[in-house]
Amino acid sequence: MPLSIEEISKLNDRHASSSVEDLVAAVLGLDPGHTTLALSLSVEDTVLLHVLSQAAKALGVQAHAFALDTGRLPEETYQVLDEVRQKYSNVTIDIYFPDAAAVEKLVRMRGPYSFYESIENRKECCHIRKVEPLKRALASKTAWMTGLRREQSVTRADISLFERDETQGGILKVSPLAAWSESMVYDYAKAHNVPVHPLHRKGFPSIGCEPCTRAVQPGEDIRAGRWWWENADQKECGLHAS
Ligand code: SF4
């Protein structure tokens, strides 16, 4: 049974000053078997995976995470995935792929680079390769955690620690790093020896599909390298639609 808006509001009040460790442990403790963490393998996500792994050990429960393999990820993302699978082996990491027939039809009809031609085409590709697999990843879940931070983009400036995800049947969506700055994330990763995606060191503050992500210039917005041919207020793939 999804939590009500009032219950979620109380969670936001209760955890407004909680540490990320306490917050993740509290979320995991609610319903461990039906709680999961979304992994793009960015540093925010590997930090949360570290915290989740520690919380699972402390609580004596099995934790779950998942990644969406769109078929267009950079090679470095698979390397990080392999590394964290071994390092955080007490967390089950499931991989979800897009529907093969849908991808075959998409590429047959529109070619391999349709996303550059229009926003509609880009959203169609994101829907097939990300949004539909996400639905399957969350189908039996009551809560999911993400590494979203408010300062990442104008589309994320208003996120709360706890939200009701109406696009996923009203399940709980938790963003423990909502208020964190980029430097807080890197300080935590360094202090706890958390794997950091190698593309971050090459000017990629945000990690996505290879053909839709590029390095940013100093001073540019964190997500300027994602779908750089689109306006900033339209740059979400549908995974985090409000
Ligand atoms: S980010 Fe680009 S390649 Fe990846 S699913 Fe979206 S449009 Fe397709």
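Bear in mind these aren't lab numbers, they're just calculated from the coordinates by the rules spelled out. What you see is a predicted model; the values in this text were computed from it and never measured. With ideal geometry, Cβ positions are generated from the backbone for all residues, glycine too; neighbour counts draw on all protein chains shown.
Consider all pairwise Cα distances in the chain and report the whole-number % of them above 23 Å.
Working: 14191 of 29161 pairs.
Percentage above 23 Å: 49.
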In degrees rounded to 10, the 0-90 angle between helix 5-14 Cα long axis and the longest Cα principal axis of the chain is 60 degrees
Have a look at the DSSP beta bridges in segment 95-242 and tell me what percent are antiparallel, nearest 5.
60 percent
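Once you have the Kirkwood Rh of segment 1-120 from its Cα pairs, apply Stokes-Einstein at 10 °C and 1.306 mPa s and quote D in µm²/s.
Numbers: Rh = 16.8 Å.
In µm²/s, the coefficient is 95.
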How charged is the neighbourhood of V103? Take every other residue with its Cβ under 13 Å from the Cβ of V103, and add Lys/Arg as +1 and Asp/Glu as -1.
+1
Considering only segment 5-196, what is the antiparallel percent among its DSSP beta bridges, to the nearest 5?
20 percent
Whole-Hz ³J(HN,Hα) for each residue in segment 121-129, computed from phi via Karplus 6.51 cos²θ - 1.76 cosθ + 1.60 with θ = phi - 60°, x for glycine and proline: what do you get?
5, 5, 5, 5, 5, 4, 5, 5, 8
Local electrostatic count, D82, Cβ distance below 12 Å [Lys/Arg +1, Asp/Glu -1]
-1
Which of the chymotrypsin sites (Phe, Trp or Tyr not before Pro) found in segment 77-131 are loop residues per DSSP with 14 or fewer other Cβ atoms within 10 Å of their Cβ?
Y113
Shape category assigned to segment 57-155 from the gyration tensor of Cα positions, a/c cut at 1.5:
prolate
Options A102, P198, A179, ranked by Cα towards positive dipole end of the chain, top entry (Cβ charges)
A102
What list do you get for F97, F66 if you sort them by fewest beta carbons within 10 Å?
F97, F66
Under a Gaussian network model of the chain whose springs join Cα atoms within less than 10 Å, the largest fluctuation of P74, P98, P133 belongs to P74
Label points 7 Å out from Cα along the Cβ direction at V61 and D31: separation in nm?
1.1 nm
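Before rounding to the nearest 500, sum -39500 (n - 2.57) across all DSSP H runs of length at least 4 in the chain and divide by the residue total; then give [θ] at 222 nm in deg cm²/dmol.
Working: 8 runs with 86 residues, N = 242.
Using -39500 (n - 2.57) per qualifying helix, the result is -10500 deg cm²/dmol.
Compute the convex hull volume of the Cα atoms of segment 102-242, divide it by the residue count, and report the result per residue in Å³ as a whole number.
Values: hull volume 18.6 nm³, N = 141.
Residue-normalised Cα hull volume stands at 132 Å³.
Can you give me the relative contact order of segment 4-113 as a percent, contacts being Cα pairs under 8 Å and 6 or more apart?
Working: 103 pairs, mean separation 26.7, N = 110.
With pairs under 8 Å counted, the relative contact order is 24 percent.
Exposure proxy check: M1, M109 ranked by fewest other beta carbons within 10 Å? If you can, show how the numbers build up before the last one.
Values: M1 5, M109 9.
The most exposed by this proxy come first: M1, M109.
Given Cα pairs under 8 Å that are at least 6 residues apart, what percent is the relative contact order of segment 5-196?
Values: 278 pairs, mean separation 48.4, N = 192.
25 percent.
For each of K141, K190, count neighbouring Cβ atoms within 10 Å of the residue's Cβ, then give the residues from fewest to most. Walk me through the numbers on the way to the answer.
Working: K141 19, K190 10.
Ascending Cβ contact count within 10 Å gives the list K190, K141.
So which trypsin sites (Lys or Arg not before Pro) in segment 81-122 end up in coil per DSSP with only 11 or fewer other C-beta atoms within 10 Å? Could you put the intermediate results ahead of the total?
Values: sites: R85, K87, K105, R108, R110, R122; in loops: none.
Hits after loop and neighbour filter: nothing returned.
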